[in-house]
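The structure appears below as structure tokens.
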């Protein structure tokens with residue numbers, strides 16, 4: 001369908017490029033799904049999960065609250081792109097849902113990740129200073 005509407009000059013090369021991009025997107029999605037399953041079934045060190053202690057539960061709740069605050073500080077577009085990517089959507093799917101160009105998704109994600117990390121670090125530093 002895309003080739004009919006796009007009418008590329010070199011259809012064979014174009015089809016191979018599209019197929020490679022789709023395969024790469026699917027591979028990335030599979031890696032993310034596998035990573036999520038690993039996180040659900042094991043701790044970060046890869047050991048089987050055991051019942052967390054009360055201290056670990058409190059620390060985890062604090063970390064989650066910091067991440068939520070950092071996400072809330074982002075623009076709606078950055079937050080949406082990050083959450084769609086984390087949910088396993090491909091670049092074309094994210095572009096379709098957000099109205100962004102497919103070519104802009106990678107740059108938008110990279111910038112959104114940087115903003116999220118910066119916001120998280122600011123929040124974490126602020127909380128650490130408050131507890132000192």
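No lab work stands behind these numbers, since they all come straight from the coordinates. Note that the structure is predicted; figures quoted are calculated from it, not measured. In this analysis, Cβ positions are derived from the backbone assuming ideal geometry, glycine residues included, and neighbour counts consider all displayed protein chains.
Across segment 85-126, Cα-Cα distances exceeding 11 Å account for 66% of all pairs. Between residue 96 and residue 59, the simple spin-label model (points 7 angstrom out along Cα→Cβ) gives 4.2 nm. The alpha carbons of segment 52-132 stretch over 45, 26, 15 Å along the principal axes, in descending order.
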